[in-house]
């Protein structure tokens, strides 16, 4: 067996190269936070790091949740860099509002397309985690279709898998939000920062 012998200078150069390459490797800056981007309109406004849609007697507020919901699940998801968006639906109309999280997507500047996690996803993640109590998942996170009666309000969290790459922009798209028999589509644009 022949051993490769390097001169001391080549050995030092290889060590320097290894250090430089290690220093250039992508470093995680932690989870990205989402902030409203763009201008408002007659129906969209910005309120303290949240987008607010107001129309047809309905007010929908969306913003980065981070670890806002104090549960072992939320803390674990934030630590694992999942994207958490808190969404509040305030129904001031005289009609029922129906929200289906299966018709929601999070799109980003890398052309990634994410759907919110549902109970089966939480169950799979719980199998790999400790301290998770799945009994309260439906009270904290949007999982199934929600009906908000007139005059009532609901606030829960949409959870998406971590961004695959560092992105600069993201857009939450909600299709077919029912207000009585009518539907509307909503879009909330965000910029990302660590």
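Pairs linking a residue in the range 37-53 that is free of Cβ contacts under 8 Å to residues at least 60 places away in the same chain and on the phi < 0 side of the Ramachandran plot to a residue that is surrounded by fewer than 16 Cβ atoms within 10 Å (Cβ to Cβ) and outside any strand (DSSP E or B), with Cβ atoms under 6 Å and 6 or more positions apart or on different chains, are 46/40. Name the residues in the range 80-116 that are over 13 Å from the mean Cα position of the chain (by Cα), closer than 19 Å to residue 33 by Cα and either assigned to a helix (DSSP H, G or I) or modelled with pLDDT of 95 or more (or both), would you? Within the range 80-116, 88 is the sole residue that qualifies. Identify the residue in the range 158-180 that is touching a residue at least 60 places away in the same chain (Cβ under 8 Å) and not in a strand (DSSP E or B) and, among all such residues, is surrounded by the most Cβ atoms within 10 Å (Cβ to Cβ). My answer is 163.
The values are calculated or read from the model by the stated rules, or taken from the named source; none is laboratory data. Keep in mind that this is a model prediction, so the values were computed, not measured. Positions of Cβ are backbone-derived with ideal geometry, glycine not excepted, and every protein chain shown enters the neighbour counts.
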